[in-house]
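Please treat every number below as a calculation from the coordinates, not as lab data. These numbers were taken from a predicted model, which means no experiment stands behind them. No Cβ is skipped: glycine too gets one built from the backbone with ideal geometry, and neighbour counts run over all protein chains shown.
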Amino acid sequence: MFSLESITRSIHHWLYGNMTPTLALLSECVIIILLAIALFAALGLVLVLMERKVAAHIQIRLGPNRVGPGGMLQTAADTLKLILKEGLVPDKADKFLFNLAPFLVMMVAMLLLAPIAFAKGFQIWDINIGVLYVSAISSLSVIGVLMAGWASNNKYSLLGAMRSGAQIVSYELSAGLSILTIVVLTGSLQLSEIVASQENGWWLFKGHIPAIISFVIFIIAVTAETNRAPFDLAEAESELTAGFHTEYSGMRFALFFLAEYINIFIVCGIGATLFLGGWMPLHIGHWEGFNHIMDYIPSSVWFFGKTFFLIFLIMWFRWTFPRLRIDQLLNLEWKYLLPISMFNLILVTVIAILGWHF
Amino acid sequence: MYTQTEIIKDTTGIGSEGELVINVGPQHPATHGVLHLVITLNGETIKKIEPHLGYIHRSIEKMCESLNYRQFIYVTSRMDYLSAHINNQACALCVEKGMQIEVPDRAKVIRVLMAELTRIASHELWLGAMAMDLGAFTPFFYTFRERELITDIMEETCGARLTMNYMTPGGVTFDLHEDFQKKVKQFVIQFKEKVTEFEDLVTNNVIFRNRTEGVGIISPADAISYGCSGPVARASGVVSDLRKIAPYDAYDRVEFEEVLDTRGDSFARYIVRVKEMMQSIRIIEQLIDNIPEGDFQAKTKAVLKLPKGEFYSRVETARGELGVYIVSEGGTTPYRIKFRSPGFSNLSALDHMASGSKIGDLMATMGTLDLVIPDIDR
Amino acid sequence: MTNEAIKEFITSAAPTASFDETGEWLNISVEPGSWKDLAHKLRNAELPFDYLFCLTCVDWKTHLTVVYHLSSSKNRQINIVVKSKLDAAKPEIETVCDIWRTAEFLEREVFELFGVVFLNHPDLRRLILTDDFEGFPLRKDFEDPINMIKL
């Protein structure tokens, strides 16, 4: 059976067998960096194309269909164009912060990649506080957005950045609380253990209604955190032209754009890991035969399948709903989602203590 | 040449303390044209809106002074380009009123049919564009699906899709295409079938309703004082449908209702327009099988001369009341012509409607005002 | 309200007004000085003329005429046209934008295209033309050798 685990293990053994431990560690780092960058590029191309195709399908049109077979190379062509474009810096912008912001946003996205388990035994860094790490790092991206908005010396950007700040900080709370429900159920912060705990069924099914509630809240909160419609107030096109990245062009803009899609991938990956069992195949209790058949599908396919399903869900939102207003957005969080998720957390705690879950 | 010193002065210095002045337009995704609004903000709350016009001012009124009574009609297609046909109708009616030309029945019915198709096309484009202002992109494509059928009908009959130029004093320029009735019937069937999609996608959407209900309210008294007309006035409960008040062409022989709402908010304006489309369909259904035989044009002289005097005709365009005021000195060209455009008066109420609300509300309000900038600037 | 009743009402409000019934609607000519007073009375009449649907100006070379088209929201069939002759050299008339708020924009438009000064207008600035534009483009004596083509 195809498995990424054996490949990583053999590379690991070969490196440590032929080199000094320091050199081996360094070469592993290089390999991981290269893989991460390759994944970023590939994800950027695939997700942008996917978004355009999904949008086109929803909007009864064809979408990109000229460049390459079925428009497959459209995003590659777009990227090439963005690379060749001149990156303008406004005259009175704070040049240092202006240039730093897209890289900061990108770096945050890259850091978030570390604890994600892409397949069985295929994980960059299985840190024992994985969930905490994810919540901590993902809230850093707001700094990049604020930086971009402030440094642009543009009023639209500033308004966009302020909106984004209020939004991300608020929705961080419900996202964190809905993640906590799973932590309570599993009793571990380590992502590999959370995945392992779902061997006899995913938490979405095992955790009764509270798990479903927290899953819904999680999806809403991460849509807001990644600044996607209907919560895309930071870049509300019809109001603020392009919000915090109004003044960005060329490759700097592409980095923001890419970071947005990578962030979507990561939050969906986390969602898939916590609620849908990550790379864990669909197992139902003690149905040995069924479980065994499911095991034949490679774990990476399971992970990417679930993640892309969630991404599709988020894209579906974007092309269906109108945008919220800033006060409605904050009302939704503080008056509805936060109390519900707090109550939900208590409910889950009771369930976990009494062992009512499967 | 085009130094807007005043505007630059407005925008470089930040107003008084706690105020932020931003320019929405002349190039902005939500203004659908070259409208320039200077908005004074306090945080996200709007304190004042000041429109700056003229970016597409072509002085059509002055141009018309040197064009004869057959020519000037076609310039007016470029005013409110979404109801170009109805603009032409207003001009033709004004000339007919002055010359006392009796329009044949067939021409009257054709005019009304075309005007109602234009109205539906205009409202469909508005619906898509407004949804886009609120951040929903998809309805745009759904509305364009039906709008495309109308433009196809227009193309077949008039030879143009947007600026039809189908009117002439005394009737229409040429007879209907033989497929016209069949195609219009097809369109009516499809439209009725698909209109429920908008209901599902837009009307009953919680976010959409939250964004529009209670937003940009204008009271009936204010609507009258600001000279609002069309769906904007009707959403506040002001009776203003000129097709009912002063029926022109064949509107006196069809049954339809003037759609009124009393809430006066953005949602009411939305509902009024959607219901108006259904009323237009009703008018089309009544007339499509009853197009009288006969001439499509009255016999008129080659050179038209209006008698000395003043003539005013008004029609209901998709946006409201369009008035054409011709002052004639008895020559072949108008001495002075004035177009009372619906958008101009509706825009003047924008500051009143949107002050004190959020920027997001401004887009909802502006979207439901259905501003067409060439109509405002002329 | 018939034309006769309107005439009677206006004569009592502005004795100098003259009437012309040849056109479709009743035409009333008033002195610029008595217009504001008449406007107030028309707005607050028994049948209030509260809908100012058109405000424009005609350049008659010797003089300018400001034209107000009024109607009542209670009965839109009744329309009257009020005209006021202004001196071409110094066209001035009282504003009516405190009576009909739509007049604010319409008067600004007439101000810049015809040069009519509306006294006591709260915000009489240019609306359409650029700030450095010279002349009043809709006046008959306006010449622009570059952009105007004589037919």
Inverse mean reciprocal Cα-Cα distance (Kirkwood Rh) of the stretch C:3-119, Å:
14.2
Given N residues in chain B, what is its alpha carbon radius of gyration divided by 2.2 N^0.38 Å?
1.00
Taking each residue in C:43-51, count the Cβ atoms of any other chain within 10 Å of its Cβ, then average. What number comes out?
2
What whole number of Å gives the distance from the Cα centroid of the stretch A:59-116 to the Cα centroid of the stretch B:221-237?
46
Dipole in debye (nearest 20) - the protein assembly as shown, about Cα centre, beta carbon charges: Lys, Arg +1; Asp, Glu -1:
800
Over the Cα atoms of the stretch B:24-73, how large are the radius of gyration and the largest Cα-Cα distance (Dmax), in Å?
16.7, 53
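Averaged over C:139-150, how many beta carbons belonging to a partner chain fall within 10 Å of each residue's beta carbon?
Per-residue shielding by partner chains comes out at 1.
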How far apart, in nm, are two points set 7 Å out from the Cα along the Cα-to-Cβ line at A:L73 and at B:L20?
4.4
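I'd like the Kirkwood hydrodynamic radius of the stretch B:250-378, using the inverse of the mean 1/r over distinct C-alpha pairs, in Å.
On the way: mean 1/r = 0.0551 Å⁻¹.
After inverting the mean inverse Cα-Cα distance, the result is 18.2 Å.
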What nm distance separates the two modelled labels at B:H177 and A:L313, each placed 7 Å from Cα along Cα→Cβ?
4.8
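Taking K and R as +1 and D and E as -1, what net charge do the other residues with C-beta under 11 Å from the C-beta of B:E124 add up to? Let's see the in-between values first.
Numbers: positive: B:R119, B:R145, B:R147, B:K194, B:R273; negative: B:E146, B:E148.
My count for the surroundings of B:E124 gives +3.
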Taking the Cβ of B:F344 as the center, what net charge do the other residues with Cβ under 9 Å away carry, scoring Lys and Arg +1 and Asp and Glu -1?
-1
Using DSSP H assignments, which helices in chain B have an axial alpha-carbon span of 20 Å or above and a mean Kyte-Doolittle hydropathy of 0.0 or higher?
B:84-99, B:105-133, B:266-288
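Given Cα pairs under 8 Å that are at least 6 residues apart, what percent is the relative contact order of chain C?
Normalised by residue count, the contact order of chain C is 18 percent.
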Relative contact order for the stretch B:60-339: what percent, with Cα pairs under 8 Å and sequence separation of 6 or more?
29
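Using the structure shown, select from A:K53/B:K185; A:K95/B:K48; C:K41/C:K140; B:K338/C:K83 the pairs with a Cα to Cα distance greater than 22 angstrom.
On the way: A:K53/B:K185 34 Å; A:K95/B:K48 33 Å; C:K41/C:K140 34 Å; B:K338/C:K83 15 Å.
Pairs exceeding the cut-off: A:K53/B:K185; A:K95/B:K48; C:K41/C:K140.
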Restricting to DSSP H runs of at least four residues, report the calculated mean residue ellipticity at 222 nm for the protein assembly as shown, -39500 (n - 2.57) per run over all residues, nearest 500 deg cm²/dmol.
-16000 deg cm²/dmol
If exposed means GluC sites (Glu not before Pro) lying in a DSSP loop and surrounded by at most 11 other beta carbons within 10 Å, then the longest stretch of chain B lacking such sites spans residues B:294-378
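May I ask you to list, by number, the DSSP H helices of chain A whose Cα span along the axis is at least 30 Å and whose average Kyte-Doolittle hydropathy reaches 1.6 or more? Write out the running numbers ahead of the final one.
On the way: long enough: A:21-58 (53 Å, 1.97); A:155-186 (46 Å, 0.99); A:250-275 (38 Å, 1.64).
Result, helices passing both filters: A:21-58, A:250-275.
Tally Lys/Arg at +1 and Asp/Glu at -1 over every other residue whose Cβ is under 11 Å from the Cβ of B:Q286; what's the total?
On the way: positive: B:R253, B:R282; negative: B:E116, B:E255, B:E285, B:D289.
Result for the neighbourhood of B:Q286: -2.
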So for the protein assembly as shown, Kirkwood radius off the Cα pairs, Stokes-Einstein at 4 °C and 1.567 mPa s: how many µm² s⁻¹?
42
Note to self: C-alpha centroids of the stretch B:153-179 and the stretch A:226-283 sit apart, in Å, by 49
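Would you mind computing the Rg to Rh ratio of the stretch A:89-354 from its alpha-carbon coordinates, Kirkwood style for Rh? Spell out each step's value before the answer.
Details: Rg = 19.2 Å, Rh = 19.1 Å.
Taking Rg over the Kirkwood Rh, I get 1.00.
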